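In what follows, a single structure is set out as structure tokens and then discussed.
Just so it is clear, none of the values below were taken in a lab; they were calculated from the coordinates. Owing to the predicted nature of the structure, the values given are computational and were not obtained by experimental measurement. Virtual Cβ from ideal backbone geometry, glycine too; neighbours counted across all protein chains shown.
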Amino acid sequence: MKPYIALIVSGLALAEGIAFCQKPPALASKAQVDFEKVDAAPRPIVADTMSCMQSNAAALAAARVEERYILYYRKGYCELFGALVTKDS
């Protein structure tokens, strides 16, 4: 198989997985790890809260409808602690 055809085939497989609402495992696991890092810290740093918000927002795009509530919760939790750290309203 030629390299550009292999790239197209792999891209179609990813698009198909997203179209059928299957989360790529890397997005889901990164979102969970980032959330746990913020949740475990007594006072998280801004970079961790930002990373948590971004990874959970990215996972939202590929999540099934019935799984989105947990990602919205994690994203909001990280936003809240980000605002606490920066003393932002």
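What the table below lists for this structure:
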{"item": "Local electrostatic count at Gly82 - Lys and Arg +1, Asp and Glu -1, tallied over other residues with Cβ under 14 Å", "result": "0"}
{"item": "Proximal aspartates and glutamates relative to Lys37, as straight alpha-carbon distance under 15 Å, when same-chain residues fewer than 8 apart are discounted", "result": "Asp48, Glu79"}
